[in-house]
1. Report whether or not G154 is more than 10 Å from ligand 1 (Cβ to nearest atom) and either out of contact with any strand residue (DSSP E or B) (no Cβ under 6 Å at 6 or more places or on another chain) or modelled with pLDDT of 95 or more (or both).
2. What residue, among those in the stretch 220-247 that are more than 17 Å from V22 (Cα to Cα) and out of contact with any Asp or Glu (no Cβ under 9 Å at 6 or more places or on another chain), is nearest to ligand 2 (Cβ to nearest atom)?
3. Before we move on, is A9 more than 15 Å from the chain's Cα centre (by Cα) and part of a helix (DSSP H, G or I)?
4. Would you point out the residue of the stretch 180-200, among those that are assigned to a helix (DSSP H, G or I) and either among the basic types (K, R) or surrounded by fewer than 19 Cβ atoms within 10 Å (Cβ to Cβ) (or both), that is farthest from ligand 2 (Cβ to nearest atom)?
5. Would you point out the residue of the stretch 75-108, among those that are surrounded by fewer than 24 Cβ atoms within 10 Å (Cβ to Cβ) and hydrophobic (A, V, I, L, M, F, W, C), that is nearest to ligand 2 (Cβ to nearest atom)?
6. Can you tell me how many residues within the stretch 152-175 are more than 16 Å from ligand 2 (Cβ to nearest atom) and either in a strand (DSSP E or B) or of a type outside the set (G, A, S) (or both)?
7. Output yes when any residue across the stretch 159-172 is over 12 Å from the mean Cα position of the chain (by Cα) and within 14 Å of E84 (Cα to Cα), and no when none is.
8. Looking only at the stretch 6-14, decide whether some residue is among the hydrophobic types (A, V, I, L, M, F, W, C) and at pLDDT 95 or above.
Amino acid sequence: MPAQDRIQARPDSYLKELRADVRAGLTAWPKSLPPKYFYDERGSELFDQITRLPEYYPTRAETAILTQRAAEIAQLSACESLVELGSGTSAKTGLLLRALSSGGTLAEFMPFDVDPAVLADAMQMLAAQYPRLRIVPFTGDFERDLGAIPAAAGRRMIAFLGSTIGNLEPAARSGLYRQVAAALRPGDTFLLGTDLVKDPDRLRRAYNDSAGVTAEFNRNVLRVINRELGADFDVEEFEHVAVWDPVNEWMEMRLRSCRQQRVTITDLALTVSFAAGEQMRTEISAKFRRDGIRAELAAAGFRTQRFWTDPDGDFGLTLAELLRSDRARLRVPPRFGEAR
Ligand code: SAH
Ligand code: AVI
């Protein structure tokens, strides 16, 4: 079977949730939309272009760390199964797959993403480059579907690269860490990429590039809503805004309405008004500090084994080991054969 045919379509829950999120977000004050809806075929392609922009340093910085540390990660994790959340093109993951394959442990790779189109592209590349690896793509939402990942027989590592964790609010981040912990067994590992706090001017440039690709990426959420929910957003009448929030230490992307306008979302039987200049939040991208990452992971039962940065100290990569399972936290005795 060709690799791309193994990709599941988006589950029905995607559309149901999109409808609920759009209704909630557009009837709230201030208006907002969740960032996961950027990613359809075009959104994933635009993100891929972003990773190559001169202003967008995170992908290059994380690649530098992985290039230097992949062998050490492979040795410390000794994993037989690797799950990658929000895997996108899995371009950087090749560095890990090569190290894990030459370490001789890895048998299975599961790229996990909300966008089936990007999974299909990734599968084409991965199947050609790693013909002996069992690749099991998973279309799903990492905030709700982690429980559906089949249990692994041997050691597992879950990787969450690119600082996509920063697109979640703090409460959602802790929820995700707890779900990651529940999908692992003690001794398994979690590899987490996080962009670090730095000069706000550099951050503003990274999120407002001179070629306007990030602006197109931002507006893509409106195109998705037009197509999926029969809405009539006049996409060009919304302007890209990127601001640094020094209190929360996150970048915020917004869309500013260029004029007073009304938008109808036919499938929701909803009409909303935008005032001239009104701003709607479409993404946060939190920036992290070393101690904060360690503490957030510890609260979910992880012990940080290693923390690396690139030579410029722009980006952090943490390898953490799960110390105790959810069952242990709930004081439930381990199942037979669970302890290692
Ligand atoms: N990991 C890659 C891609 C990062 S872009 C890298 O480091 O370059 C963020 C990716 O996460 C996209 O591919 C997007 O489709 C996916 N994504 C965003 N929200 C998601 C969610 N809730 N569940 C699953 N995947 C999600
Ligand atoms: C996927 N995520 C980590 C990117 C980020 O940097 O927050 C998405 C992005 N938004 C604007 N540029 C890139």
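The values are calculated or read from the model by the stated rules, or taken from the named source; none is laboratory data. Predicted model, so just to flag it, every value in this text is computed and none were measured. Glycine also receives a Cβ, built like all others from the backbone with ideal geometry; neighbour counts cover every protein chain displayed.
1. So G154 passes the test.
2. E239
3. Here the answer is no, as A9 does not meet what is asked.
4. The initial filter retains those residues of the stretch 180-200 that are assigned to a helix (DSSP H, G or I), namely 180-182, 200.
Next, from what is left, pick out any that are either among the basic types (K, R) or surrounded by fewer than 19 Cβ atoms within 10 Å (Cβ to Cβ) (or both): 182, 200.
Values: A182: 23, P200: 15 Å.
Filtering the stretch 180-200 for residues that are assigned to a helix (DSSP H, G or I) and either among the basic types (K, R) or surrounded by fewer than 19 Cβ atoms within 10 Å (Cβ to Cβ) (or both), the one farthest from ligand 2 (Cβ to nearest atom) comes out as A182.
5. The qualifying residue nearest to ligand 2 (Cβ to nearest atom) is A91.
6. Summing the residues that are more than 16 Å from ligand 2 (Cβ to nearest atom) and either in a strand (DSSP E or B) or of a type outside the set (G, A, S) (or both) in the stretch 152-175 gives 4.
7. Initial filter on the stretch 159-172 (over 12 Å from the mean Cα position of the chain (by Cα)): 169-172.
Filter once more, so that each one left must be within 14 Å of E84 (Cα to Cα): none.
Within the stretch 159-172, none of the residues are over 12 Å from the mean Cα position of the chain (by Cα) and within 14 Å of E84 (Cα to Cα).
8. Filtering the stretch 6-14 for residues among the hydrophobic types (A, V, I, L, M, F, W, C) gives 7, 9.
Cutting the leftovers down to at pLDDT 95 or above gives us none.
No, the stretch 6-14 contains no residue that is among the hydrophobic types (A, V, I, L, M, F, W, C) and at pLDDT 95 or above.
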